[in-house]
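**Q** Before anything else, here's the structure in question.
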C-alpha cells in the first residue's frame, strides 16, 4: 500500500524502520526499506536463475525544528502501526519478519 503523508509517499509493505536523527536544531526523519528480492539470470543466456537481494536506498527528510521532526516521527510511526494492525486483523499472508539476505 502506498501511503501519502507530509509530502512523502511510501510503500508501507516494504517499510522496515522509521528513525530520527537529531542535529543541532532539527534533524532527519529516515525511512528504511526491506531489500528487493529478484529472480535473476546468473550469467547472460545461461538459463540458470537464482534469487538475489538488492538493497533499497533510505529516504530522508530534513526538519529545521526538532518539534516538527518529533511530530512527523510520531505520526509516521502511528500510521505504520495502524497499517500493520489492519493487515494482521485481515489475516493477510504477509511476513512481517522476513528472512532477508
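Rule-based calculations on the coordinates, nothing more; no lab input. Worth saying up front: this structure is predicted, and the values here are computed from it rather than measured. Every residue, glycine among them, receives a Cβ derived from its backbone with ideal geometry; neighbour counts consider all protein chains shown.
**Q** With Kirkwood's inverse mean 1/r over C-alpha pairs for Rh, give me the Rg to Rh ratio of the chain, two decimals please.
**A** Details: Rg = 17.1 Å, Rh = 15.7 Å.
We get a ratio of 1.09 for the chain.
**Q** Separate question: Add -39500 (n - 2.57) for each DSSP H run of 4 or more in the chain, then divide by its residues: what number comes out at 222 nm, to the nearest 500 deg cm²/dmol? Write down the numbers at each step before the final one.
**A** Working: 1 runs with 24 residues, N = 101.
Mean residue ellipticity, 222 nm, calculated: -8500 deg cm²/dmol.
**Q** If each of residue 47 and residue 87 carries a label point 7 Å out from its Cα toward its Cβ, how far apart are those two points in nm?
**A** 3.7
**Q** In what sequence, highest mean first, do 59-68, 24-33 appear when ranked by Cβ atoms within 10 angstrom?
**A** On the way: 59-68: 13.2, 24-33: 16.0.
Output ranking for 59-68, 24-33: 24-33, 59-68.
**Q** Please order 76, 83 by the number of other Cβ within 10 Å, starting at the fewest. Working shown, then result.
**A** Working: 76 22, 83 15.
Listed from fewest to most nearby Cβ atoms, that is 83, 76.
**Q** Translational D (Stokes-Einstein, µm²/s) of segment 14-61 at 25 °C and 0.890 mPa s when Rh comes from the Kirkwood sum over C-alpha pairs? Please list the in-between numbers first.
**A** Values: Rh = 13.1 Å.
Result for D is 187 µm²/s.
**Q** Relative contact order for the chain: what is it in percent, counting Cα pairs under 8 Å that are at least 6 residues apart?
**A** Working: 135 pairs, mean separation 24.1, N = 101.
Relative contact order here is 24 percent.
**Q** Please give the contour-minus-distance gain from residue 54 to residue 4: 0.36 nm per residue of separation, less the Cα-Cα distance, rounded to one decimal in nm. Mind dumping the intermediate values first?
**A** Working: separation 50, 0.36 × 50 = 18.00 nm, distance 2.44 nm.
That pair, residue 54 and residue 4, stretches by 15.6 nm at full extension.
**Q** Related question: Can you order the peptides 47-55, 2-10 by their average number of other Cβ atoms within 10 Å per residue, highest first?
**A** Working: 47-55: 10.1, 2-10: 11.8.
Highest-to-lowest ranking by the protection proxy: 2-10, 47-55.
**Q** Measuring from label point to label point, each 7 Å out along Cα→Cβ, what is the residue 62 to residue 23 span in nm?
**A** Those two pseudo-labels are separated by 0.4 nm.
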